[in-house]
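Written below as structure tokens is the structure these notes are about.
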Amino acid sequence: MIIAALGSSFAAGPTLDPVADRAAMRSARNYPHLLGDALGASLVDLTVSGATTATILDGPQVIAPRVQFAPQIDGLPAGADLVTVTAGGNDLWFIGSMLATGWAYHDPEGPRARLMRADHPDGIPKVTPEVVETVATGLSRIVAAVRARAPRARIVLVDYLTVLDPPSRSAEVDFTTDELAAFRSLQDALIDSHVLAADRSGAELVPVSERSRGHGLGSAEPWVFDFIPEPRRTLGSFHPTAAGMRAVADILVRHLRA
């Protein structure tokens, strides 16, 4: 059995040891690796932290002037039996806006806060029906491209672990009520985009967002990291922990064996 994984950091696992590919910020213990181990399958892990639906499909993802990744779809093996897709959060700047806001509180005049402010001067994005439609269209296009390249593959959209439950608050950053509401709006938009894409494309949807409720920031057993102010590890902020990745893999195994 061949499993191929497409997606962004919620699949890749930035800062989780051991590292499989440093430039891609991809862990060897992310959910695709854990799923492959559980199923005794061969894994082609194409995930790259920071990926958008466009860099999965249409153009290279530039990490640094001399470091870039070809569109993930180019590496998809024609003989794949199962393809997982976790993407869309970077299209919305969901976790990015949380990280930028965290740095704005932690070190407002520091280089990281200034860089993020320059890249996104309008702050936390506003959610509109058009934004949801754009992400849903991107995900649907990925499904169509997978079918064209790997016609026998079972395609599973895997949405994002819940970051913010209704009572969630960061222990590291004193986000305002309005900021938390804006982040939850982005989280809801990502969920809605996956539902739309699954309905339109016919791909299976595994709603780990629903099945991880109660494990957001500040919970007794969080499956995502809080804000990490250490520069070398900060990109893991608000991303899946080792326990979170294990939970996603377990959810997928149950789904696939049902």
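The values are calculated or read from the model by the stated rules, or taken from the named source; none is laboratory data. Only a predicted model underlies this, so the values are computations on that prediction, with no experimental measurement involved. Here the Cβ positions follow ideal geometry from the backbone for every residue, glycine too, while neighbour counts run over all protein chains shown.
What do you reckon, is Ile73 crowded, with 22+ Cβ neighbours inside 10 Å, of a type in the set (A, V, I, L, M) and either closer than 28 Å to Thr137 by Cα or touching a Phe, Trp or Tyr at 6+ places or on another chain (Cβ under 8 Å) (or both)? If you could, list the steps in order and put the result at the bottom.
Values: crowded, with 22+ Cβ neighbours inside 10 Å: no; of a type in the set (A, V, I, L, M): yes; either closer than 28 Å to Thr137 by Cα or touching a Phe, Trp or Tyr at 6+ places or on another chain (Cβ under 8 Å) (or both): yes.
No: the conditions fail for Ile73.
Looking only at residues in the range 124-138 that are of a type in the set (A, V, I, L, M, F, W, C) and in a loop (DSSP other than H, G, I, E, B), the one that is modelled with the lowest pLDDT is Ile124.
Here's a check for you: in the range 49-63, which residue that is touching a residue at least 40 places away in the same chain (Cβ under 8 Å) and surrounded by fewer than 22 Cβ atoms within 10 Å (Cβ to Cβ) is farthest from Ala5 (Cα to Cα)?
Just the residues of the range 49-63 that are touching a residue at least 40 places away in the same chain (Cβ under 8 Å), to begin with: 49-54, 56-57, 63.
Filter once more, keeping what is surrounded by fewer than 22 Cβ atoms within 10 Å (Cβ to Cβ): 50, 52, 54, 57, 63.
Numbers: Gly50: 15, Thr52: 14, Ala54: 16, Leu57: 13, Ile63: 19 Å.
Only one residue tops the list, namely Ile63.
Would you call Ser170 of a type in the set (Ser, Thr, Tyr) and in a helix (DSSP H, G or I)?
Working: of a type in the set (Ser, Thr, Tyr): yes; in a helix (DSSP H, G or I): no.
Considered against the rule, which asks whether it is of a type in the set (Ser, Thr, Tyr) and in a helix (DSSP H, G or I), Ser170 comes out as no.
Here are some residues: Ala78, Ala64, Ala54. Which one is of a type in the set (Gly, Ala, Ser) and closer than 25 Å to Arg152 by Cβ? Checking each option against the conditions leaves just Ala78. With respect to the conditions (1) over 29 Å from Phe225 (Cα atoms); (2) in a loop (DSSP other than H, G, I, E, B), Arg200 lacks only one, and its number is (2). For the residues Arg152, Arg141, Arg254, the requirement of being assigned to a helix (DSSP H, G or I), over 19 Å from Trp93 (Cα atoms) and touching a residue at least 60 places away in the same chain (Cβ under 8 Å) singles out Arg141. Checking each residue in the range 207-222 for being surrounded by 22 or more Cβ atoms within 10 Å (Cβ to Cβ) and either of a type in the set (A, V, I, L, M) or part of a helix (DSSP H, G or I) (or both) picks out Val208, Leu217. Counting only residues that are closer than 25 Å to Leu57 by Cβ and touching a residue at least 24 places away in the same chain (Cβ under 8 Å), the range 106-125 holds 2 of them. Scanning the range 20-32 for residues being under 17 Å from Ala87 (Cα atoms) and either out of contact with any helix residue (DSSP H, G or I) (no Cβ under 6 Å at 6 or more places or on another chain) or of a type outside the set (S, T, N, Q) (or both) gives a total of 6.
With the condition kept exactly as written, say whether any residue in the range 73-85 is in contact with a helix residue (DSSP H, G or I) (Cβ under 7 Å, 6 or more places away or on another chain) and within 24 Å of Thr234 (Cβ to Cβ). No, that holds for no residue.
Is it true that some residue in the range 75-93 is touching a residue at least 60 places away in the same chain (Cβ under 8 Å), of a type in the set (Ser, Thr, Tyr) and within 30 Å of Leu252 (Cβ to Cβ)? Among the residues of the range 75-93, at least one is touching a residue at least 60 places away in the same chain (Cβ under 8 Å), of a type in the set (Ser, Thr, Tyr) and within 30 Å of Leu252 (Cβ to Cβ), which makes the answer yes.
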